[in-house]
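The values are calculated or read from the model by the stated rules, or taken from the named source; none is laboratory data. Keep in mind that what you see is a predicted model, and the values were worked out from it rather than measured. Cβ atoms come from the backbone with ideal geometry, glycine included; neighbour counts cover every protein chain shown.
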Amino acid sequence: MNEKEKILVIDDDKMSLRLLERVFQKAGMEGVFCQSGDQAFQVLDEGYLPDIILLDVHMPDVSGFDILKCLRVEKNTRNVPVVFLTGDEDVKTESLGLSEGAADFIRKPFASEVLIRRLRNIIELNRLHNDMEKEIRTKTEKLKHAYIQIVEALAASVDAKDRYTHGHSSRVAAYAREIARRAGFSQSRQDSIYMMGLLHDVGKIGIQDAIINKNGKLNDEEYAQIKTHPMVGYNILKKITDYPELMIGARYHHERYDGRGYPDGLAGEAIPEVARIIAVADTYDAMTSNRSYRSQMPQEKVRAEIERCRGSQFDPVFADIMLAMIDEDKDYHMKEE
């Protein structure tokens, strides 16, 4: 190995610690020796990060199993392999230790060369495992970044059909993600909602440009065609089987909390939660953007409309979050520039 291996030893037996100290020095390994769990955690709290932890099973104050549980919940030592050192011949003890996450059991008395070889094998395997995980994370992040860019490009192409709308999908996605964040959603869930927000209007690809850009009110036939875009979007996105949630925002963002929306006439919590979030964000951005049939609305009118439709068009919980966001936006920055 190119690096000097660092070993944290936790054992209440002073003679065992002295013996291990000599063994590690001879092998060119760095050892830190503690006689209790409290002493070991103090060392770890001071920033010491070992390559492996050698832990006695039986100690007077707290058992090695309890120390192992604490090590497994600590962020810094969660992935550090732990090897139990014991004179216990009980198979149940070994089975319990392995089930709790120990990497191996080494019995006392031990042969020094065998001990060193086993510890080095475990350290090397753990380093290879960590390197592989790091490589996978790097590649995954690159793929995720490329995927987001593709989705953003697709959303921009949809927005480009409407000469009056600039960045509608990206703003809806951003508002939806912020609502989700304030509602306590996990980071991964927030990211999913952002992607669904970006693609909520993808079905407008199938709508004639003349209808999307018409000045004035749509007739019944034109409005009927506009109302097909959720199902068009759903049918496009459902083919992306690796991301089955993507189609949810597209299909359900025009459902209303009172059941008077489309295409399925769902009501209340029967509407997927993410779609209820996107519905508020979508309507907010529609009112704060210039459209073919009207100009951008003043902030106070937008707020009044969200308030009026709370509980009828919008889920009250997410409407209240949107109202709080409006109230915090003193200079009316949340709008189409």
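Scan the stretch 221-246 for residues that are surrounded by fewer than 10 Cβ atoms within 10 Å (Cβ to Cβ), at pLDDT below 90 and assigned to a helix (DSSP H, G or I) and jot them down. Result: no residue meets the conditions. Does any residue of the stretch 54-72 turn out to be modelled with pLDDT of 90 or more and out of contact with any Phe, Trp or Tyr (no Cβ under 9 Å at 6 or more places or on another chain)? No, there is no match, as no residue in the stretch 54-72 is modelled with pLDDT of 90 or more and out of contact with any Phe, Trp or Tyr (no Cβ under 9 Å at 6 or more places or on another chain). For the stretch 82-96, filtered to residues that are under 24 Å from PHE24 (Cα atoms) and surrounded by 15 or more Cβ atoms within 10 Å (Cβ to Cβ), the residue that is farthest from the chain's Cα centre (by Cα) is ASP88. GLU337 meets all of the listed conditions (1) more than 28 Å from LEU246 (Cβ to Cβ); (2) among the acidic types (Asp, Glu); (3) at pLDDT below 95 but one, namely (1). Among the conditions (1) touching a helix residue (DSSP H, G or I) at 6+ places or on another chain (Cβ under 8 Å); (2) in contact (Cβ under 8 Å) with a residue 60 or more places away in the chain; (3) assigned by TED's automatic domain parsing to the domain that holds GLY265, GLU336 misses just one, which is (3).
Conditions (1) in a loop (DSSP other than H, G, I, E, B); (2) over 25 Å from the mean Cα position of the chain (by Cα); (3) surrounded by 14 or more Cβ atoms within 10 Å (Cβ to Cβ); (4) not assigned by TED's automatic domain parsing to the domain that holds SER295, marked per residue:
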{"residue": "ARG171", "(1), (2), (3), (4)": "no, no, yes, no"}
{"residue": "ARG177", "(1), (2), (3), (4)": "no, no, yes, no"}
{"residue": "GLY197", "(1), (2), (3), (4)": "no, no, yes, no"}
{"residue": "HIS200", "(1), (2), (3), (4)": "yes, no, yes, no"}
{"residue": "ILE211", "(1), (2), (3), (4)": "no, yes, yes, no"}
{"residue": "HIS254", "(1), (2), (3), (4)": "yes, yes, yes, no"}
{"residue": "TYR257", "(1), (2), (3), (4)": "yes, yes, yes, no"}
{"residue": "GLY261", "(1), (2), (3), (4)": "yes, yes, yes, no"}
{"residue": "ALA275", "(1), (2), (3), (4)": "no, no, yes, no"}
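Condition first: of a type in the set (Asp, Glu) and modelled with pLDDT under 85. Can you find one or more residues in the stretch 81-89 that meet it? Taking every residue of the stretch 81-89 in turn, at least one turns out to be of a type in the set (Asp, Glu) and modelled with pLDDT under 85. Quick check on VAL280: is it in the same structural domain as LEU199 (by TED's automatic domain parsing) and in contact with a strand residue (DSSP E or B) (Cβ under 9 Å, 6 or more places away or on another chain)? Here the answer is yes, as VAL280 does meet what is asked. Of all residues in the stretch 289-297, at least one satisfies being surrounded by 18 or more Cβ atoms within 10 Å (Cβ to Cβ) and under 26 Å from GLY216 (Cα atoms). Of all residues in the stretch 97-117, exactly one satisfies the criterion of being surrounded by fewer than 16 Cβ atoms within 10 Å (Cβ to Cβ) and within 14 Å of GLU5 (Cβ to Cβ), namely ARG117.
The residue of the stretch 277-302 that is farthest from ILE226 (Cα to Cα), among those that are free of Cβ contacts under 8 Å to residues at least 12 places away in the same chain and either in a strand (DSSP E or B) or out of contact with any helix residue (DSSP H, G or I) (no Cβ under 9 Å at 6 or more places or on another chain) (or both), is GLU300. Please determine whether any residue of the stretch 138-146 is assigned by TED's automatic domain parsing to the domain that holds SER36, surrounded by fewer than 18 Cβ atoms within 10 Å (Cβ to Cβ) and in a helix (DSSP H, G or I). No, there is no match, as no residue in the stretch 138-146 is assigned by TED's automatic domain parsing to the domain that holds SER36, surrounded by fewer than 18 Cβ atoms within 10 Å (Cβ to Cβ) and in a helix (DSSP H, G or I). Only residues that are over 19 Å from GLU124 (Cβ atoms), in contact (Cβ under 8 Å) with a residue 60 or more places away in the chain and out of contact with any Leu (no Cβ under 9 Å at 6 or more places or on another chain) were counted across the stretch 1-50, and they come to 1. Checking VAL82, VAL73 one by one, the residue that is farther than 16 Å from VAL9 by Cα and either assigned by TED's automatic domain parsing to the domain that holds LEU17 or aliphatic (A, V, I, L, M) (or both) is VAL73 and no other.
Which of the following residues is modelled with pLDDT under 95 and farther than 13 Å from TYR175 by Cβ: ARG256, ARG260, ARG251, ARG291? After applying the criteria, what remains is ARG291.
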